[in-house]
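Below: the structure, in structure tokens.
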Amino acid sequence: MISMMERIGLTAHQWLYEKTDGRIGTSVGGRPMLLLRHVGRKTGQPRTSALLYVREADDYAVIASKGGDPKHPGWFHNLTANSNVEIQIGRERIPVRARVAEGDERARIWAKANEVKKGGYDVYQTRTDRKIP
């Protein structure tokens, strides 16, 4: 449940990242950002989401927090329906296969992402009963 101002800022950031083909937008406030390119599970239409990410070994990890909303973000449902997606970091586009981290791997990713977000994901988790993936 992010504020309207945060939503506007994120929308503007994504627009800039896409329109400059990654020349601008690789970070927000020093936090690394990627573009997740996926397909809508209901519409079949291409979708793009700008997301904070962290590295876990050779993998890229994102958190489906939606600001602590009780529902998963739409992009998460799209990835569960079709896990073959593309990420863009800067100008580089990388095909990836999405999956949900569990156990120790999830704990490591959560800790890294929470450090980058300065405790924000822990705050989001307190806002919802769902276990944020």
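Some values worked out for this structure:
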read-out: Under-27-angstrom lysine pairs by C-alpha in the chain, whenever the two are 8 or more apart or on separate chains; value: 17
read-out: Sparse-neighbourhood loop sites, trypsin sites (Lys or Arg not before Pro) in region 26-108 - DSSP loop, at most 13 other Cβ within 10 angstrom; value: K42, K71, R91, R99
read-out: Prolate/oblate/rounded call for the chain, Cα gyration tensor, a/c under 1.5 rounded; value: rounded
read-out: Gyration tensor (alpha-carbon) shape descriptor, region 46-120, a/c threshold 1.5; value: rounded
read-out: Cut-off 12 Å (backbone N to label point 7 Å along Cα→Cβ of R91), residues of region 1-35; value: 20-24
read-out: Region 66-133, dipole about Cα centre (Lys/Arg Cβ +1, Asp/Glu Cβ -1), debye to the nearest 20; value: 120 debye
read-out: Amide proton proximity set for V39, modelled H, under 5 Å, gap of 5+; value: R47
read-out: Accessible surface of the chain [probe 1.4 Å, protein heavy atoms]: carbon and sulfur percent; value: 53 percent
read-out: 222 nm mean residue ellipticity, helices alone, for the chain (DSSP H n ≥ 4; -39,500 (n - 2.57); rounded to 500); value: -10500 deg cm²/dmol
read-out: Dipole moment magnitude, nearest 20 debye, region 8-133 about Cα centre, only Lys, Arg, Asp, Glu C-beta charged; value: 340 debye
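The values are calculated or read from the model by the stated rules, or taken from the named source; none is laboratory data. Not measured: the values here are computed from a predicted model. Don't worry about glycine lacking a Cβ; one is built from the backbone with ideal geometry, like all the others, and counts go over all protein chains shown. These accessible areas exclude ligands, DNA and RNA; they are computed on the full protein's heavy atoms, side chains included. Shrake-Rupley method; radii C 1.70, N 1.55, O 1.52, S 1.80 Å.
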